[in-house]
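Step one of this worksheet: look at the structure below.
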Amino acid sequence: MMIFTLYMLEGMYLNRENSKYRFRGIAKRFPLATRHFKTKLKNRYYWLYGFIIFVAGMGAATDLLFNPASGYQGGSAYVIATFAWAIRLFGILGASVAGYSLVTGDQASGRIRLILKLPHTRWKYVFEKFLGEGLALITVTSLATITGFAISTILYGPPPVLPAVEVLIVQEGFLLVWLSIATATSMAVKTSRRAIAVPVALYLSAWAWKRVMNSILRGIGEQSIAVRLFAYRLEPSRAYNVTVNWIFNLPNSDLMAPLLMEHVDPNGSTIIGPRIVSELVGDVPWFLSEWVSALVLVLWGTVPMLLAYRRFATTDIA
């Protein structure tokens with residue numbers, strides 16, 4: 001028994017040492033990302049952002065609990081949806097603020113010239129900066145969300161595991177989309193003031209996107225409701241809403257999941273609310289399928305970054 005215990009302790013010690021070795025290996029392979037990640041986790045504004053996400057998500061979830069006049073009992077699935085809504089509302093700004101100075105900040109301080117003199121290619125520099133910032137953003141957001149899920153079990157019972165995991169993945173991916181957009185503008189412009197203007201303008205344009213699309217389609221003579229709905233869903237926030245609704249097996253709609261849940265009968269058979277694709281166009285065409293909206297998010301997260309890097313790779317850094 002003593003020999004077995006010693007064997008177990010030796011195995012635990014070796015596993016711990018191996019874990020430390022693997023971490024040092026990762027840190028050595030991605031030194032810039034590791035340093036950036038550690039620095040950001042010490043930033044109190046990051047934790048303030050996480051606190052705002054937590055308060056917004058739990059506040060929206062408990063509002064219905066303590067407001068019987070609404071007549072809606074959301075349950076644990078509703079809590080997951082409210083955190084997806086909180087990311088939609090506040091996460092965009094958090095990711096934009098996190099990413100707008102990733103490159104322009106180093107350019108303004110002259111630090112980028114020193115970094116690129118080290119064994120860092122421009123691609124490795126951008127990748128590691130994005131990786132470190134993205135990991136910090138995901139870590140804080142995930143902690144806020146998971147804490148909300150844990151507390152919600154006291155109020156509503158355990159949340160459905162699979163939708164909770166899927167929504168967590170999608171919302172973190174959504175944050176990376178906006179971080180990618182902010183990083184792309186940071187590569188494409190010279191000053192941080194210009195870099196923050198682009199994602200903020202895109203965020204604000206979400207409220208006017210529908211009107212702009214209507215004007216464009218009216219100008220080219222396009223009257224199809226299906227095409228109009230597709231044009232609306234090219235905006236990343238609406239594409240995100242559709243993807244989240246898809247996870248919950250809600251009707252195909254770009255309405256935010258908490259609002260859509262309130263308009264769906266608990267047995268899922270009676271639709272009371274607006275903006276349901278099947279009610280507007282009948283047979284749903286392929287380009288209004290939920291997977292198309294998920295693909296739109298992927299394109300928003302990759303295309304601007306690749307285009308901006310192409311310009312950044314050939315820019316003379318004085």
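The values are calculated or read from the model by the stated rules, or taken from the named source; none is laboratory data. In this text, all values refer to a predicted model and were calculated from it rather than measured experimentally. Reconstructed Cβ throughout: ideal geometry from the backbone, glycine too, with neighbour counts over all protein chains shown. These area figures cover heavy atoms from the full protein model, side chains too; ligands, DNA and RNA do not enter into them. Shrake-Rupley method; radii C 1.70, N 1.55, O 1.52, S 1.80 Å.
Using θ = phi - 60° in the Karplus curve 6.51 cos²θ - 1.76 cosθ + 1.60, the 3J(HN,Hα) couplings for the stretch 166-182 round to 5, 5, 4, 5, 5, 5, 5, x, 5, 4, 5, 4, 6, 5, 5, 4, 5 Hz; x is entered for Gly and Pro.
If R0 is 41 Å, what FRET efficiency do you get for Leu89 and Thr314 from their C-beta distance, rounded to 0.05? Computed FRET efficiency for Leu89 and Thr314 comes out at 0.65. The local environment of Arg88, defined by Cβ-Cβ distances under 12 Å, has a net charge of -1 under the rule Lys, Arg +1 and Asp, Glu -1.
Model label points for Ala108 and Lys124, set 7 angstrom from Cα along the Cα-to-Cβ axis, are 2.8 nm apart. Between Thr191 and Arg211, the modelled label-to-label distance comes to 2.9 nm, taking each label 7 Å out from Cα in the direction of the beta carbon. Once you've got the Cα coordinates, tell me which of Lys40/Lys124; Lys42/Lys190; Lys42/Lys117; Lys129/Lys210 are over 23 Å apart. Among Lys40/Lys124; Lys42/Lys190; Lys42/Lys117; Lys129/Lys210, the Cα-Cα distance tops 23 Å for Lys42/Lys190; Lys42/Lys117; Lys129/Lys210.
Extending 7 Å from Cα along the Cβ direction at Ile220 and again at Trp291 yields two label points whose distance is 2.5 nm.
Accessible surface of Phe127, taken over heavy atoms with a 1.4 Å probe and every protein chain present, rounds to 90 Å². Note on surface exposure: Thr191, Thr39, Thr185 rank Thr39, Thr191, Thr185 by accessible area, highest first, 1.4 Å probe. Pull out a ≥ b ≥ c, the square roots of the eigenvalues of the alpha-carbon gyration tensor of the stretch 99-161, then state rounded if a/c is under 1.5, prolate if not and a/b is larger than b/c, and oblate in the remaining case. Verdict is prolate for the stretch 99-161. Out of the total accessible area of the stretch 31-314 (probe 1.4 Å, heavy atoms of protein only), what percent is carbon and sulfur? Accessible surface attributable to carbon and sulfur in the stretch 31-314 totals 67 percent. How big is the Rg/Rh ratio for the stretch 69-226, C-alpha atoms only, Rh by Kirkwood, two decimals? Here the Rg-to-Rh quotient is 1.09.
Computed with a 1.4 Å probe on the full set of protein chains, the accessible area for Tyr309 sits at about 50 Å².
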